[in-house]
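Have a look at the structure below, then the notes.
Every read-out reported here was derived from the displayed coordinates using simple, explicitly stated rules and does not represent laboratory data. Every value quoted in this text rests on a predicted model; they were computed, and no experiment measured them. Cβ coordinates were reconstructed from backbone atoms using ideal geometry, including for glycine residues, and neighbour counts include every protein chain displayed.
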């Protein structure tokens, strides 16, 4: 028996296979996992997030998301190699050419390098929601911000929101300061509204396109058990949803990524994967509100 309700369309049906036509929102998967500092099944996450969209509708306080066209551009094959990163950047450029907002589904946080460099070729800046600076040596999910700086992104065009105590070494904290990165700590967030946090970030970056990296381990571990590096005391799932919608309501934001969820380590209720799916919908609501 068909249990589908024609008056309650699912968000998963809204995300349709990409064509060559323009669209409002473009989603694509970047299942990177091989260079992760800790072993991860994050390569299974893009498809898990797509499946979780079945749980949700398109109704929001911003309006009916069904009025937006949303395309699925598929997944990048073998994204961990240098050739794979080139494929990621190429696909990001295609999505940017067709869509008002590009959403990359990780994968681990290493994807931020290949996705953001496509957005930031003509200037602009980067906002990260992350407990970590991600400026480690080498190539891993702990190094994308350092790699972007070495590729030419000025450190003073980077704002990192959610940086928390005991999640970064003294040396990397010093390097972030030396790079000129603007940091809004986890403690700062508690004293400010989400609107004022983002106003500060946009003011620091100034003009130009912006990529926003949503490393979900910025959240409290109770909300995101599938994020290996999450810790007790991070921001709430609601706060991350709010930051996502407010970020994408700014027309400077051209792309975002959702990273660091290991679909194989989620709780039985799939709370982390479901949050990842909700971030897509919050981003769309922000886009609709522009």
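In percent, rounded to a whole number, the relative contact order of the stretch 141-290 is 21, using alpha-carbon pairs under 8 Å and six or more apart.
Label zone (residue 10, point 7 Å along Cα-to-C-beta; backbone nitrogen cut-off 20 Å) within the stretch 57-75: 57-60, 65-75.
Go ahead and estimate [θ] at 222 nm for the chain from helices alone: -39,500 (n - 2.57) per DSSP H run with n ≥ 4, summed, over the residue count, rounded to 500.
So the calculated ellipticity at 222 nm is -10500 deg cm²/dmol.
Only Cα pairs under 8 Å and 6+ residues apart enter the sum, and on that basis the relative contact order of the stretch 21-288 stands at 24 percent. Looking at the stretch 1-153, the DSSP beta bridges with both ends there are about 10 percent antiparallel. Measuring between their Cα centroids, the stretch 65-98 and the stretch 236-290 lie 17 Å from each other. Helix 237-248 axis versus longest C-alpha principal axis of the chain: approximately 90°, rounded to the nearest ten. Model label points for residue 174 and residue 139, set 7 angstrom from Cα along the Cα-to-Cβ axis, are 2.9 nm apart. State whether the stretch 123-238 is rounded, prolate or oblate according to the following rule on the C-alpha gyration tensor (a ≥ b ≥ c being the square roots of its eigenvalues): a/c under 1.5 gives rounded; otherwise a/b larger than b/c gives prolate, and the remaining case gives oblate. Taking the square roots of the gyration eigenvalues as a ≥ b ≥ c, the stretch 123-238 is oblate.
Relative to the longest principal axis of the Cα atoms of the chain, helix 82-98 runs at roughly 60 degrees. For the chain, DSSP calls about 5 percent of its internal beta bridges antiparallel. For the chain, the longest principal axis of the alpha carbon atoms and the long axis of helix 271-288 meet at an angle near 80°.
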